[in-house]
Amino acid sequence: MQHNKILLVDDEAALREMVGGHLRGQGYAVTAAASCAEARRACDAGRPDAVILDIMLPDGDGFSLLGQLRQADPALPVLFLSARDEDSARLHGLGLGADDYITKPFLLQELSLRLAAVLRRVYGAGPQPPAALGGTVVDWDSATIRRPDGRVESLTAKEYALLKKLWDNKGRIVTTDALCRALWDGALVGYENTLMVHIRRLRSKLEVDPSHPAVILTVRGLGYKLAAPGVGL
Amino acid sequence: MRGARGLLRGVWLLLVSLGLTLFLILTALFIMGIWNVTAEYPNWKISVREMADELSVEGDTITLSPALAERMRQQGNWAMLLDDDGNVIWSQDKPADIPDRFTAGQIAGFTHWFLQDYPINVWVYGDGLAVLAWPKGSEVKYNASFAARYFDFLLRSVPVLFLVICCALLLYARRSFRKEQARRDAARARWIDGVSHDIRTPLSVIMGYAGAWISDPGLPGQRRTEAVQMVNACTSVKTLVSDLNLTMRLDYEMQPHRREKMPAAALLRAAAAEALNNGLLEEIELETTPEQEAIILNVDGALVHRALMNLLQNAKRHGGQGAVRLSLRRVGRRCALQVCNPCAEADACAKRLSRTTTAPAIAPDGSAAHGTGLYLVRQVARAHGGKLIFRADKPDSLCAELVLPCVKT
């Protein structure tokens with residue numbers, strides 16, 4: 001991993017130990033700080049690739065520390081990891097320019113996925129590994145699908161966005177409204193039939209038997225789900 | 001600094017109010033004293049009129065009743081009676097330095113004031129003048145003359161002033177009460193914030209490690225099940241803490257509403273998808289017609305989503321075997337988002353749940369309160385001008401309806 005230096009700022013030793021251990025296990029180099037002063041010293045010693053920042057710290061608050069860190073390095077990615085779950089705190093943090101806001105308690109897997117997403121967004125995705133769906137392989141970089149018989153199908157922009165949304169939520173139901181928002185930045189009203197057309201075309205390129213889909217599954221009344229290995233409907 | 005300034009201001013207001021009240025009470029007492037004291041307590045002080053009434057004239061002999069004469073001596077009074085020409089025709093205990101004849105100018109001089117420093121009161125007696133004197137230095141006289149209109153105004157303004165001061169005192173009391181209430185609310189909000197913060201951090205450690213165990217492919221099956229249960233328990237506590245926080249913020253109107261127009265069906269779908277994705281429910285039925293798809297609400301989507309999740313949680317916890325049904329129903333200019341679940345005694349359940357409209361209380365044994373989730377749903381409904389109702393749509397099916405105003409389409 002190219003960008004792997006993480007500064008973890010939290011005043012709880014047990015939490016620093018747990019998150020630090022998990023991220024080190026994922027290949028990150030983690031520096032831990034228990035206060036604003038320690039965090040500033042750590043940043044001065046060497047620029048981290050991202051900062052995971054608690055809000056309530058013994059010698060200040062994370063919002064102010066974000067401002068100070070960004071003053072020195074405007075492009076520094078920061079994720080808030082906070083016990084404050086009210087909308088006002090979340091919106092304040094994101095409004096200050098934080099890249100993400102995760103509320104405690106949280107699952108470590110969720111934290112590492114969201115951290116990876118932020119790093120991809122800030123430093124570039126790099127080549128994305130192809131996705132295997134049944135017998136077909138999706139090459140995200142060339143926006144193509146290689147079918148089991150070797151035939152290669154190109155994805156349109158809408159099909160690509162649709163498949164990417166489903167892939168990012170593989171194994172989970174994605175409502176038709178969420179898919180419409182991803183494709184047209186709007187709600188379902190008026191787009192339902194168009195969405196069904198795109199789904200049908202995508203199935204024709206992706207499925208071995210489009211009339212009996214095994215990859216893009218319909219969840220009646222709700223939306224669609226991309227079948228993930230080991231995850232059924 | 002602000003606190004000290006506020007305290008000083010409060011003390012000042014209190015002192016002013018107390019001062020004005022005291023002034024009013026003294027004024028009232030003074031007026032009562034003038035009007036009533038002489039009438040109610042005739043023996044309190046001898047009046048010149050009383051003395052004149054006690055004089056009796058028989059031929060050239062003038063006498064004063066012995067009882068009054070004795071009282072006058074006890075109080076140090078002296079008295080005299082002047083004829084029309086200013087001659088003293090009768091006196092009692094008149095000091096030697098007081099002349100026996102007075103000119104009209106001298107009479108005019110002492111009538112309302114002093115005669116050689118003796119305070120004087122006079123009363124017309126036949127053709128003459130009865131004079132009652134008090135010991136030197138025993139009385140102070142002050143000429144207080146008012147224009148009649150001004151005096152009338154003063155008398156009339158006393159009740160108005162009294163009312164104004166009463167209103168000021170009431171307003172002050174109300175303000176003080178509200179400030180105290182706001183202080184208590186803020187303290188409670190800080191306490192809940194603090195407690196929820198202190199709970200969330202250790203909960204993160206438990207949930208984080210349990211989640212990591214689940215991801216470990218080498219974990220034995222039984223241990224994996226236990227880890228899943230730990231994560232589920234942590235999620236429940238997380239939801240409970242969030243509900244408590246949100247309930248408090250809605251109660252104290254600290255929760256900003258971010259309303260936007262959105263399809264009611266989309267809200268139902270999002271809640272159903274989350275319940276299925278998170279494993280809260282295994283089966284949900286949701287069907288909508290094109291008419292129902294056109295129903296638009298102007299709501300805070302996050303709050304309504306939270307309310308629907310709580311209804312789904314409630315359906316899971318208290319419902320019987322079978323799928324949970326989600327549906328929409330238009331009720332006039334309102335829309336009901338329905339969450340129905342199988343329930344053996346749906347009618348009785350609906351009646352029981354309809355009665356629980358107040359905030360859940362801690363149980364007598366100190367255990368945690370039940371019903372926070374439904375109370376939160378009611379709060380969300382109220383915040384949008386709606387309501388939560390329970391009804392049995394079939395003998396074995398209980399429906400919770402979140403009724404919200406819908407936008408005209």
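Just to verify a number: FRET efficiency for A:Asp168 and B:Ala144, C-beta to C-beta distance, R0 = 60 Å, to 0.05? Could the numbers behind the result be given before it?
Numbers: r = 93 Å, r/R0 = 1.55.
After rounding to 0.05, the efficiency reads 0.05.
Any idea how far apart B:Ser157 and A:Thr194 come out in nm if each label point goes 7 Å out from Cα toward Cβ?
Modelled inter-label distance: 7.6 nm.
Within the accessible area of segment B:176-235, what % is carbon and sulfur when the probe is 1.4 Å and the other protein chains stay in place? Before the final figure, lay out each step's value.
Numbers: 2310 of 3740 Å².
C and S atoms contribute 62 percent here.
Pick out, from B:Ala148, B:Val11, B:His318, the residue whose Cα sits farthest towards the positive end of the charge dipole of the protein assembly as shown, with +1 on the Cβ of Lys and Arg and -1 on the Cβ of Asp and Glu.
B:His318
For segment B:292-352, what is the convex hull (Cα atoms) projected area averaged across all directions, in square nanometres?
Mean orientational projected area (segment B:292-352, Cα hull): 5.1 nm².
Do any residues of segment A:82-106 show a loss of at least 10 square angstrom of accessible area between the isolated chain and the full protein assembly, using a 1.4 Å probe, and if so which?
Relative to the lone chain, where solvent access is computed with a 1.4 Å probe, segment A:82-106 loses at least 10 Å² at A:Ala83, A:Asp85, A:Glu86, A:Asp87, A:Ser88, A:Leu91, A:Thr103, A:Lys104, A:Pro105, A:Phe106.
Provide the net charge surrounding B:His318, with neighbours chosen by a C-beta distance below 13 Å and charges set as Lys +1, Arg +1, Asp -1, Glu -1. Working shown, then result.
On the way: positive: B:Lys316, B:Arg317, B:Arg352; negative: B:Glu345.
Residues close to B:His318 contribute a combined charge of +2.
Step through the table entries A:Lys158/A:Lys205; B:Lys179/B:Lys238; A:Lys5/A:Lys165; B:Lys351/B:Lys394, compare each Cα-Cα distance with 23 Å, and write down the pairs that go over it. Kindly include the intermediate steps, with their values, before the conclusion.
On the way: A:Lys158/A:Lys205 14 Å; B:Lys179/B:Lys238 33 Å; A:Lys5/A:Lys165 29 Å; B:Lys351/B:Lys394 14 Å.
With Cα atoms farther than 23 Å apart: B:Lys179/B:Lys238; A:Lys5/A:Lys165.
Per DSSP H run of at least 4 residues, take -39500 (n - 2.57); add these up for chain A, divide by its residues and hand me the 222 nm value, nearest 500 deg cm²/dmol.
That comes out to -12500 deg cm²/dmol.
Could you work out the mean count of beta carbons from other protein chains within 10 Å of each residue's beta carbon in A:215-222?
Mean inter-chain Cβ contacts per residue within 10 Å come to 4.
By how many degrees, between 0 and 90 and to the nearest 10, does the Cα long axis of helix A:62-72 differ from the longest principal axis of chain A?
Rounded to the nearest ten degrees, it is 90.
Counting protein heavy atoms only and a 1.4 angstrom probe, how many square angstrom of accessible surface do chains B and A bury in total, to the nearest 100? Could you put the intermediate results ahead of the total?
On the way: alone 25810 and 12290 Å², together 35350 Å².
Roughly 2800 Å².
If you line up the long axis of helix B:264-277 against the longest principal axis of chain B, both from Cα atoms, how many degrees apart are they, to the nearest 10?
60
Go through segment A:155-186 and flag every residue whose accessible area shrinks by 10 Å² or more with all protein chains in place compared to the isolated chain (probe 1.4 Å).
A:Arg172, A:Ile173, A:Thr175, A:Asp177
Pop a pseudo-label 7 angstrom from the Cα along the beta-carbon direction at both B:Gln222 and B:Leu8 and give the gap in nm to one decimal.
Calculated label separation equals 7.3 nm.
Can you give the accessible area per residue of segment B:204-350, in Å², using a 1.4 Å probe?
Here the residues of segment B:204-350 average 48 Å² of exposed surface.
Would you mind computing, in nm to one decimal, how far apart the modelled labels at B:Asp198 and A:His92 are, each placed 7 Å from Cα along Cα→Cβ?
With each label point 7 Å from Cα toward Cβ, the separation is 2.1 nm.
Given axes a ≥ b ≥ c from the Cα gyration tensor, I'd like to know whether segment A:1-128 is rounded (a/c under 1.5), prolate (a/b larger than b/c) or oblate.
rounded
List the residues of segment B:256-288 for which accessible area in the full set of protein chains is at least 20 Å² lower than for the chain on its own; 1.4 Å probe, protein heavy atoms only.
In segment B:256-288, residues shielded by partner chains: B:Arg258, B:Pro263, B:Ala266, B:Arg269, B:Ala273, B:Leu276, B:Asn277, B:Leu286, B:Glu287.
At 1.4 Å probe radius, can you tell me the per residue accessible area of segment A:94-233 in Å²?
On a per-residue basis, 49 Å².
Find which of A:Pro105, A:Cys180, A:Leu8 sits farthest along the positive direction of the dipole of chain A, computed with +1 on the beta-carbon of Lys and Arg, -1 on that of Asp and Glu, about the Cα centre.
Working it through, the farthest residue towards the positive pole turns out to be A:Cys180.
Sorted by mean Cβ packing within 10 Å, highest first, what order do the peptides B:214-227, B:50-63 take?
Averaged packing, sorted descending, gives the order B:50-63, B:214-227.
Using Cα atoms only, what is the angle between the long axis of helix B:66-75 and the major principal axis of chain B, expressed in degrees (0 to 90) to the nearest 10?
On a 0 to 90 degree scale, this one is about 70.
Per q in 0.18 Å⁻¹, report the Debye log10 I(q)/I(0) for chain A, using one uniform scatterer on each alpha carbon and no solvent.
Taken in order of the listed q values, log10 I(q)/I(0) reads -1.21.
Other chains' Cβ within 10 Å of A:17-26 residues: what's the mean?
Partner Cβ neighbours, averaged per residue: 2.
The values are calculated or read from the model by the stated rules, or taken from the named source; none is laboratory data. Remember, predicted model here, so these are calculated numbers, not experimental data. Note that we place each Cβ from the backbone using ideal geometry, even for glycine, and neighbour counts take in every protein chain shown. The area values use the complete protein model at the heavy-atom level, side chains included, leaving out ligands, DNA and RNA. Shrake-Rupley method; radii C 1.70, N 1.55, O 1.52, S 1.80 Å.
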